[in-house]
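Student: Below are the structure tokens for one structure; questions will follow.
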Amino acid sequence: MLEEGMTAPDFTLPDKNGEMHTLSDYRGKRVVLYFYSRDNTAGCTKQACGFGELYPQFVEKGAEVIGISKDSTASHLRFAEKYELPFVLLSDPELKAITAYDVWREKKLYGKVSMGVERTTFIISEDGVIEKIFRKVKAAENPGKMLAEVGEH
């Protein structure tokens, strides 16, 4: 189980264009790393659009926003284009980062149990250490709260 103060697990995943991104390449910047369940679902779209609207302010504060789901790169491309998302979305169909960050969880919906991504956001310091972990976040509120968190540092 990851905890605040631990080194963030490194990963290398493709973005919407198939270009590879490695977390350690972002050293020197704070990273708002958020995990979400699916492109084009109501909550995930609200969350992504919120990060998109606030993205210039994250950049002003020296932070990068990265979203990860198990959707394909093609799905991310359509999602990013449809909503004009300016930040990086990474594809993790093999659940490498998703399991490393312990966000693949049992979920219950209408009494049905299934496995899925628990909406979770991590703030990672310039030197790759997990500063804060926010589990089961509310999609619409998450971007504004993360901007406030980044601004406090």
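Student: Considering only DSSP beta bridges with both partners in the chain, what is the antiparallel share in %, to the nearest 5?
Tutor: 70
Student: Please give the calculated 222 nm ellipticity per residue for the chain, where each DSSP H segment of at least 4 residues contributes -39500 (n - 2.57) and the sum is spread over every residue; nearest 500 deg cm²/dmol?
Tutor: -9000 deg cm²/dmol
Student: Go ahead and set up a Gaussian network model of the chain, Cα springs under 10 Å, then flag whichever of Tyr26, Tyr110, Tyr34 fluctuates most.
Tutor: Taking springs between Cα atoms under 10 Å, the residue moving most is Tyr110.
Student: Give the lysines reachable from Lys145 as a straight Cα distance under 27 Å; neighbours fewer than 8 places away on the same chain don't count.
Tutor: The reachable lysines, counting only those whose Cα sits under 27 Å from Lys145, are Lys16, Lys29, Lys46, Lys61, Lys70, Lys82, Lys96, Lys107, Lys108, Lys132, Lys136.
Student: Please rank Lys107, Lys112, Lys132, fewest neighbouring Cβ atoms within 10 Å first, as an exposure proxy.
Tutor: Lys112, Lys107, Lys132
Student: Could you let me know the centre-to-centre spacing of the stretch 65-141 and the stretch 9-23, using Cα atoms, in angstrom?
Tutor: 13
Student: What is the order of Glu53, Glu131, fewest Cβ neighbours within 10 Å to most?
Tutor: Fewest-to-most ranking of Glu53, Glu131: Glu53, Glu131.
Just so you know, all these numbers are worked out from the coordinates, no wet-lab data involved. Since the model is a prediction, treat every value here as computed from it, not as a measurement. All Cβ positions, even for glycine, are placed from backbone atoms using ideal geometry, and neighbour counts span all protein chains on display.
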